[in-house]
1. Can you show me the helix-derived [θ] at 222 nm for the chain, built from DSSP H runs with n ≥ 4 at -39,500 (n - 2.57) apiece and divided by the number of residues, rounded to the nearest 500.
2. What is the mean projected area of the alpha carbon convex hull for the chain, to one decimal in square nanometres?
3. Hey, if you put +1 on the Cβ of every Lys and Arg and -1 on every Asp and Glu Cβ in segment 54-148, which of Leu111, Gly94, Leu66 ends up farthest toward the positive end of that dipole?
4. Before anything else, pin down the relative contact order of the chain: Cα pairs under 8 Å, at least 6 apart, normalised by residue count, whole percent.
5. Suppose every K and R has +1 on its Cβ and every D and E has -1 on its Cβ; what is the size of the dipole of the chain about the Cα centre, in Debye to the nearest 20?
6. Take each of the peptides 273-284, 174-185, 74-85, average the number of other beta-carbon atoms within 10 Å over its residues, and list them starting from the highest.
7. Using per-residue counts of other Cβ atoms within 10 Å, averaged over each peptide, order 164-170, 256-262, 212-218 from highest down.
8. If packing is taken as the mean number of other Cβ atoms within 10 Å per residue, what is the order of 355-362, 46-53, highest first?
Amino acid sequence: MDRNSTHNAVKILLVDDDEEDYLIIKRLFSQMRGIESDLEWVSSSAEAIQKINDKAHDAYLIDYRLDALTGLDVLQEVNALNRTEPFILLTGVGDHDIERESLQLAASDYLVKKYLTSDNLARAIYYALGRKEQEKQKIKQLVELNKTKDEFISIASHQLRTPATTVKQYVAMALDGLGGDVNDKQATLLRKAYESNERQLAIINDLLKVAQIDAGRMELAVKEVDISQLTTDAANDFKPAFESVHQTLVCHIEADVRANVDENAIRMVVDNLLENAKKYSEPSSETTIHLSYGDRGVYLEVADRGVGVADPGKLFQKFSRIENKLSTEVGGTGLGLYWAQSIVRLHGGELRYQKNEPAGSRFIISLPLV
């Protein structure tokens, strides 16, 4: 290994199991003009993977033929697609299939050894570093843009929530007759205004919750919670709502199931799933809620016989609503399931969807054991 270090030199790692090729490439580096370089050489894929994971180099030159692994295997092993440093694949003989696959695995360039010169090697490294720097700048801009968007949503939601809450209070006071007698026609109009304002507040609250999640400002108040009692309370609160639309809510809740969770947050997740089951089911349908211990944690499932999900890939995306025969009627923001999944993941758990045969949906929450 040879390192003629320069303070501002580009640090390059060469991965090649042929010492003669290393000496040739080392000589090409010494002849380069315009790029100060600091070349390090390793001859095995195992050592290469360790060095790459140490993130101590600015760029990597990797030979295709190594030992038990190929250069393409190394790109996959180090997850080159998500790395900020450029990778250049070297090969003894040109091969279009290898070239195409290397580019798919995020190699910045593909060079044939017998055609290498100090100029084209320097050019390849120069452009590879340039492209990666442009990618980093674009990512930085996107992160800043996303941060600005989250801040805007949070501020706008706060500003909207205050007047909407005030409207709710004044309409409720008018309905209670605090401003004088209200006739039937006026009461009907006031109730419609109250219900519309409630829907607006629900949208604002969804925006605020999602903004908190995306900004990383959601703090969980975790403690040991009796999930059996939490689920029972949620079911009891929702049973009248199910009955009002001629639906049935059936419970199979194992006793004394406990987990370390934020009680309010998990209750809101359960409420969201029950509300969706009711909204996307028709009269005479049945929704079942199961709670039990499993091999690896706590499992809570809400299964309905509703309209189902035509495109499950969109389920947990922000602002994504899946069209069905009830979607126009029930409305919604497309934020509830995104928020619910984010909350469950903050607990170290998972929220997933399965089709409920022969019809309907199953949403399954898994939470770690206490």
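No lab work stands behind these numbers, since they all come straight from the coordinates. The structure presented is a predicted model; accordingly, all values stated were derived computationally and were not measured. Using ideal geometry, Cβ is built from the backbone for each residue, glycine included, and neighbour counts are taken over all protein chains shown.
1. After summing the helix terms and dividing by residue count, I get -16500 deg cm²/dmol.
2. 26.6
3. My answer, from the dipole projection, is Leu111.
4. Details: 577 pairs, mean separation 36.7, N = 370.
Relative contact order, the chain: 10 percent.
5. In debye, rounded to 20, the chain gives about 1280.
6. Working: 273-284: 19.0, 174-185: 10.3, 74-85: 16.2.
Descending mean neighbour count gives 273-284, 74-85, 174-185.
7. 256-262, 212-218, 164-170
8. On the way: 355-362: 15.1, 46-53: 16.9.
The most tightly packed comes first, giving 46-53, 355-362.
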